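Worksheet: one structure, shown below.
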Amino acid sequence: MQNWSFTLIVEGEDLQSDETFNALFEAGCDDALVGRSNGVQFMDFDRDAETLADAVLSAVGDIESVAGLQVVRLEDLELVSMAEIAERTGRTRESVRLLVGGDRGPGNFPLPVNDPKRPNRLWRWSDVERWMHDALDVQEASGGSEEITLATLAAGIAARHHFRRLDPQQRERVRSLFAA
């Protein structure tokens, strides 16, 4: 068993009401800190499990076993700006800007996860780290598999949240995207 730390964003009943708080404890969330910041409810977990996926999925199940609660997002700390990429890699911001733009290095820098026309673009650290390893022969800072698992879980939780809000006809059309 390993201890995994992560944050889940939760919608629904007030997590800090006595009734909901006690129900969460009884459901197995005794390893979580419950909080609210700027109107957003969250639960910070330190959960023991064999894998990161086991930890996150069991926490989601425990939370959603309490009536009126839904996990809508896994806080994805893997998103990084150019400044954070520079800091993590020991490069200057200008060096990173040139790599991103293809003016230095072999090109094909990973695509940002948000609108590429926005001034504040974000990338997945696991994509950047992998590119740095493959393109520039820079040693990866971590194994990468946990970050990929985290990114996949975050995407799955977000997709599930939005999928539930679609009308049934749209659900069937969107479901075809997941038939792999």
Which of the residues spanning the range 26-38 are closer than 15 Å to Val71 by Cα, without any contact (Cβ under 8 Å) to a residue 24 or more places away in the chain and either part of a loop (DSSP other than H, G, I, E, B) or not aliphatic (A, V, I, L, M) (or both)? Gly35, Arg36
Qualifying residue in the range 135-144 (condition: touching a Pro at 6+ places or on another chain (Cβ under 7 Å) and within 23 Å of Val100 (Cβ to Cβ)): yes
Name, by its number, the condition in (1) in the same structural domain as Arg164 (by TED's automatic domain parsing); (2) crowded, with 17+ Cβ neighbours inside 10 Å; (3) in contact (Cβ under 8 Å) with a residue 40 or more places away in the chain; (4) in a helix (DSSP H, G or I) that does not hold for Asp62. (3)
With respect to Asp134, determine if the residue is of a type in the set (Asp, Glu) and exposed (fewer than 11 other Cβ atoms within 10 Å of the Cβ). no
Residues of the range 1-21 satisfying the condition of being without any contact (Cβ under 8 Å) to a residue 40 or more places away in the chain and either surrounded by 20 or more Cβ atoms within 10 Å (Cβ to Cβ) or farther than 16 Å from Gly61 by Cα (or both): Asp14, Gln16, Ser17, Asp18, Glu19
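Can you tell me which of Ser81, Ser58 is modelled with pLDDT under 95 and in contact with a strand residue (DSSP E or B) (Cβ under 9 Å, 6 or more places away or on another chain)?
Ser81
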Within the range 100-154, residues of a type outside the set (Gly, Ala, Ser), free of Cβ contacts under 8 Å to residues at least 12 places away in the same chain and either touching a Cys at 6+ places or on another chain (Cβ under 9 Å) or assigned to a helix (DSSP H, G or I) (or both) come out as His133, Asp134, Thr152
Cβ-Cβ under 7 Å, sequence separation 6+ or interchain: first residue in the range 161-175 and free of Cβ contacts under 8 Å to residues at least 24 places away in the same chain and more than 19 Å from Gly12 (Cα to Cα), partner among the aromatic types (Phe, Trp, Tyr) and surrounded by 12 or more Cβ atoms within 10 Å (Cβ to Cβ). Which pairs? Arg171/Phe163; Val174/Phe163
Of the residues in the range 107-151, those that are at pLDDT below 85, over 24 Å from Glu50 (Cα atoms) and touching a helix residue (DSSP H, G or I) at 6+ places or on another chain (Cβ under 8 Å) come to Val138, Gln139
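Restricting to the range 1-25, and then to whatever is hydroxyl-bearing (Ser, Thr, Tyr) and not in a loop (DSSP other than H, G, I, E, B), can you tell me which residue is nearest to the chain's Cα centre (by Cα)? Steps first, answer last, please.
Step one: of the range 1-25, the residues hydroxyl-bearing (Ser, Thr, Tyr) are 5, 7, 17, 20.
Narrowing the set further to residues that are not in a loop (DSSP other than H, G, I, E, B) leaves 5, 7, 20.
Values: Ser5: 12, Thr7: 9, Thr20: 25 Å.
So the residue we want is Thr7.
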Gly105 is checked against (1) surrounded by 13 or more Cβ atoms within 10 Å (Cβ to Cβ); (2) closer than 30 Å to Gln70 by Cα and fails just one. What number does that condition carry? (2)
Residues that are over 16 Å from the mean Cα position of the chain (by Cα) and without any contact (Cβ under 8 Å) to a residue 60 or more places away in the chain: does the range 71-82 have at least one? yes
If a residue must be within 19 Å of Thr152 (Cα to Cα), small (Gly, Ala, Ser) and crowded, with 18+ Cβ neighbours inside 10 Å, how many such residues does the range 26-57 contain? 1
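The values are calculated or read from the model by the stated rules, or taken from the named source; none is laboratory data. Just so it is clear, the structure is predicted and the values come from calculations on it, not from any experiment. Glycine also receives a Cβ, built like all others from the backbone with ideal geometry; neighbour counts cover every protein chain displayed.
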